[in-house]
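Every number here is computed from the coordinates shown, using simple stated rules; none is lab data. As the structure is a computational prediction, the values presented were derived from the model and not from experiment. Note that we place each Cβ from the backbone using ideal geometry, even for glycine, and neighbour counts take in every protein chain shown.
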Amino acid sequence: MPLTLTARIGPDTLAKLERAATRRFAEASRLIDDQPFGAIYLLGYTVEMRLKAAHYRLAGVSHAWNISHPIPPNVDSPRMLAERQIRSIRGAAAQRSVGHDLLGWAQLVIESRTVAGLPKLMAQPEFLSHIKDAALRWTESLRYHANKPYNEELEAVVKAARWVTRNYSQLWS
Amino acid sequence: MAAATKKSGMHDLLTRLLRDRLKGDLDQPALPLVVENRALSGRSIHLLVIWDAWRDLSNIERSSVIMDAHALVHDKEPVPAVAMGVTGSEAISLGYLPFRIAPLIRKTDGLSLAKAEKAMQKAGGVQVRAGNALDIRFATHAQATNAYRTLQSELPSPVWTLIEERPAAETA
């Protein structure tokens, strides 16, 4: 008996995040002209996955590791550890769930570079500016809505997703 | 050239104003609201400044103002890892103002909305008007409770409510 799609996708891993980010970006690019709201929805996830993948690379998580499982001797999974750090960085503004908090993940990437002993990201101001622009216009709950975005809103999210895609390797190296 | 000079002048002015604010108590709700968070590693500071005065500055220019002002006040401390500047409305959109004080006035309170609003002007925070209703928002619980004390002293009354709003990630 073949497995269903939801059973086949398996656990979340760094490698899958990177591949999915590439696929969602390609899909979003095809929607930009005719379905801009759908494009924004997918591009936000592209940004989110790149930020998460960059952090997991900096944290030394291997490509095929299930990010919801602890890496011994840690008691908590890489995902839990990351989300705890985001809550600390975001302070009182941390939401109950920080999984889709673009700015929180971006700040974590910056923090993880420090912990990994890497120099400050050369383009850090530009990086944070793009992520903020995306965060002001994207939330995972867009899927429950059917607004028509302004051109400026679409452009800001497209620019952010393109920047993060183009500079992805710089985030973790 | 004129635009560059103007931008530079604005940068210097805002840097000086923010420098003075950073010298003060960050738990006070005076504008700009400043939030200093630390990473769990304890190695770095993430600074957030909420201010409408830099509405016309780019994100990058705002960060530059924060870094310069921080250096003037804390020259012997590590440079903040992140310095982010947002306006009041951006802060609301990004969830940076989860604390809210609003007056809940009943007819029996014998208090006018105008009188309540006059007291609110002195309480600091980011003012948000929706229709006839005015409320003030804060980034931290300490800022909100300090504003609450100010309101109670300006207008001692049971009308003031302090609400923490923390929306769930999923809304449908």
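Structural remarks
- FRET efficiency for A:ILE71 and A:SER169, using Cβ-Cβ distance with R0 set to 22 Å, rounded to 0.05: 0.45
- Cα gyration tensor shape for the protein assembly as shown, rounded if a/c is under 1.5, else prolate or oblate: prolate
- Enclosed volume per residue, in Å³, of the convex hull spanned by Cα atoms of region B:25-72: 95
- In terms of overall dimensions, the C-alpha atoms belonging to region A:11-172 reach 49, 33, 31 Å along their principal axes, ordered largest to smallest.
- Using alpha-carbon coordinates, inclination of helix B:141-154 to the longest axis of chain B, degrees: 50
- For region B:72-172, the relative contact order comes to 34 percent (Cα pairs under 8 Å, sequence separation of at least 6).
- Among the residues of A:85-91, the average count of other protein chain beta-carbon atoms within 10 Å of the residue beta-carbon is 6.
- For region B:49-112, the set of trypsin sites (Lys or Arg not before Pro) satisfying both a DSSP loop assignment and a count of at most 10 other C-beta atoms within 10 Å is given as B:LYS76, B:ARG106.
- All Cα-Cα distances of chain B, cut into 5 Å bins from zero to the largest, leave 1, 8, 16, 18, 17, 14, 11, 8, 4, 2, 1, 0, 0 percent in each bin in turn.
- Mean partner shielding of peptide A:138-148, defined as the number of other chain Cβ atoms within 10 Å of each residue Cβ, is 2.
- Global form of region A:81-173, assessed from the alpha-carbon gyration tensor, a/c cut-off 1.5: oblate
- Exposed trypsin sites (Lys or Arg not before Pro) absent: longest stretch of chain A, with sites in DSSP loops and at most 13 other Cβ within 10 Å deemed exposed: A:1-95
- Length gained on full extension, B:ALA114 to B:THR145: 9.0 nm, using 0.36 nm per residue less the C-alpha separation.
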